[in-house]
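Just so it is clear, none of the values below were taken in a lab; they were calculated from the coordinates. Fair warning: this is a prediction, and the values are worked out from it, not measured in the lab. Methodologically, a virtual Cβ is constructed for each residue, glycine included, from the backbone with ideal geometry; neighbour enumeration extends over all protein chains shown.
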Amino acid sequence: MFEQILIAHRGEIGLRVLRACQELGIQTVAIYSKADAQSMHVRLADEAMCIGPAPSSKSYLDMRAIMTVAHLADVDAVHPGIGFLSENAAFAESVERSSMAFIGPTPEHIRLMGDKVAAKDAAIKVGLPVVPGSDGELTSLDDARKTAERIGYPVLIKAAAGGGGRGMKVAEDASQIDDAYNLARSEAKSAFGNDAVYMEKYLADPRHIEIQIIADEHGNVVHLGERDCSVQRRHQKLIEEAPSPALQDAQRKQLGLHTAASIAKLGYRGVGTVEYLYENGEFYFIEMNTRLQVEHPVTEMITGIDLVQEQIRVAAGLPLAFTQEDVTFSGHAIECRINAEDPDTFVPSPGKIAELHAPGGMGVRFDSHAYAGYAIPPYYDSLIGKLIVHAPSREEAIIRMKRALREAAFGGVKTVIPLHERMLDAEEFRDGSYTIKWLERWMDER
Ligand code: ADP
C-alpha cells in the first residue's frame, strides 16, 4: 500500500480524498493556489505546498508545478480528484514516468474514453447499446445531411472531444442541419481545439442513468448499481439519487451486470462511470467517465463501500476486497449539490461564509470544505458542499432531506438550498417521473 499520496485537487473533493487517505493510514500532501491558502484540505493535510496563483490554468492545471511538488515530497502516488487533470492522459503518463502510481485508469483508457467517437466505437465492440447515429465522425456537410435523413430528425451534432455539454447542437429538421453542423464544428474548435463532430438521434425526453463500476488489475470488475442524475440544468446535475425511481429490480440488475461484463472486455482498471440515456424502456450508452464522480456518495450510502478507499487500493495493485455477490444494496440515498449561487438566477455568490450550521442527525452526511469564516474564492466552481441522506425508503429519504436542508445555514452567501426545497416538493420529483428536461421546463412554468 502507498505511504504518501499527493492530492491534486481542492475544495470538497480535496477533502474527500484526504479523508479516505487518513482512514487508510496514508500520509497526505496537499497542493493549493494562492486563493486557497485558508482551505480546509490545506489545514488538514500532513504537508501542503502552494503551486501558483489563483487561476486554475496557473495552479491546479499546471502539470509541471504539480509534478515538482510530487518529486520534492517524494510521494508514491497522485490522486487527480475530479475535473482538472483527472481525465488528462498526458498527466497520467507523466505521473507514471516518474515511477509514481496514478490513482485512476491507464493513460490508454483515459485517451480512449476522452475521444467520444472512439469511446462509442469501443462501446459497440464490447456489446453496449448506443444511440443510433453516424458511423464515426461526420466527414462533410453532405455526410451530415445524408446521415440525418437515414437516422431521422431530430438529430444532435456532438463534439468528438466534447465535455460539459459544449459543442452540441440540435437540428429539428432538414432546414436546420447546415447551421447545426457548422455551429457545432466552430464551437468544438474553439472549446477543444478539435472540430471533429459526430451525429446522434436526439432523444426527446430521456432520463440520465449511470452505472458505477470498479475494477482491479486482476480482471475483477464489479458494478455498484445505478444513479439517477436526471435533475439537471444546462446539463449540470443538481440532485442525484440511488436507486433510480424509474427502474424495476430486474432491469437494474441486468443493466449493472451487462455493463460490468462489457467493461471487463476492455481490461479496464479503477473506478469508472458508464453513462446512459434511458427512454421508452431502452438504454443508450453516451459516454464513460474514467474517474470518480461528484455524486459517488449516493452509491456509497446504499452499498456501504468507500469508493475512494477502494479506488486507492486497486491503484496500489491490490485485488478487490469483494465480489459482485458480496455487494448488497440497502435503502435509498439522495444527494443535493449545494452551490453558492442565487437560487433563481444561478449567478455565483462568492464571499465570506459568516455563519455556518452543518445539518446532521441519523442518515445525514454533509461533505463540505466550508466552515464559518471561510471565504469562497471567485475563481473556481461554486460547489461548496453536498448534502447526502440515506433512509430505508425513497419517501423517508425525501422527508429526511427536507429536514436536513431546513437545518443548513450558510450566513453571508446565497445558496441553491431554497431551490432544492421547492424541487423536493414538486409533483414530478415526488412521484419520480422527472426526466432531463423536467427542471428547466418546471422553472420556466413558475
Ligand atoms: P458531455 O460530455 O458534454 O457532458 P454527454 O454526451 O455526456 O456530453 O451529454 C451530456 C448531456 O446532453 C446528457 O446528460 C443529456 O442531457 C444530453 N444528451 C446527450 N446526448 C443526447 C442525445 N442523443 N439525445 C438527447 N440528449 C442528449
Response to the item:
Extension length gain for E445 and F192 (0.36 nm per residue less Cα distance), in nm, is 87.6 nm
Practice prompt. Run the dipole for the range 37-125 about the Cα centre, Lys and Arg Cβ at +1, Asp and Glu Cβ at -1, nothing else charged, and hand back the magnitude in debye, nearest 20.
Written response: 340 debye
Practice prompt. Work out the FRET efficiency for M1 and E93 from their Cβ-Cβ distance, taking R0 = 35 Å, and round it to the nearest 0.05.
Written response: 0.90
Worksheet entry | Backbone N under 18 Å from the F346 label point (7 Å along Cα→Cβ), restricted to the range 148-172 | 163-170
Response to the item:
FRET efficiency for E407 and D179 from the Cβ-Cβ distance with R0 = 60 Å, rounded to 0.05, comes out at 0.75
Worksheet item: What length, rounded to one decimal in nm, is gained on full extension from K265 through to E282, with 0.36 nm per residue of separation minus their alpha-carbon distance?
Response: 3.9 nm
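Suppose the chain between L318 and D135 were pulled fully straight at 0.36 nm per residue; how much longer would it get relative to their current alpha carbon spacing?
62.0 nm
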Fill in: Cα centroid separation - the range 398-439 against the range 294-325, whole Å
28 Å
Worksheet item: Could you give the dipole magnitude of the chain about its Cα centre, charging the beta-carbon of Lys and Arg +1 and that of Asp and Glu -1, in debye to the nearest 20?
Response: 580 debye
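Go through 7-18, 193-204, 131-142 and give me the packing order, highest mean Cβ count within 10 Å leading.
Descending mean neighbour count gives 7-18, 193-204, 131-142.
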Worksheet item: Does anything in the range 5-31 have its amide N under 16 Å from the 7 Å Cα→Cβ label point of T68, and if so which residues?
Response: 31
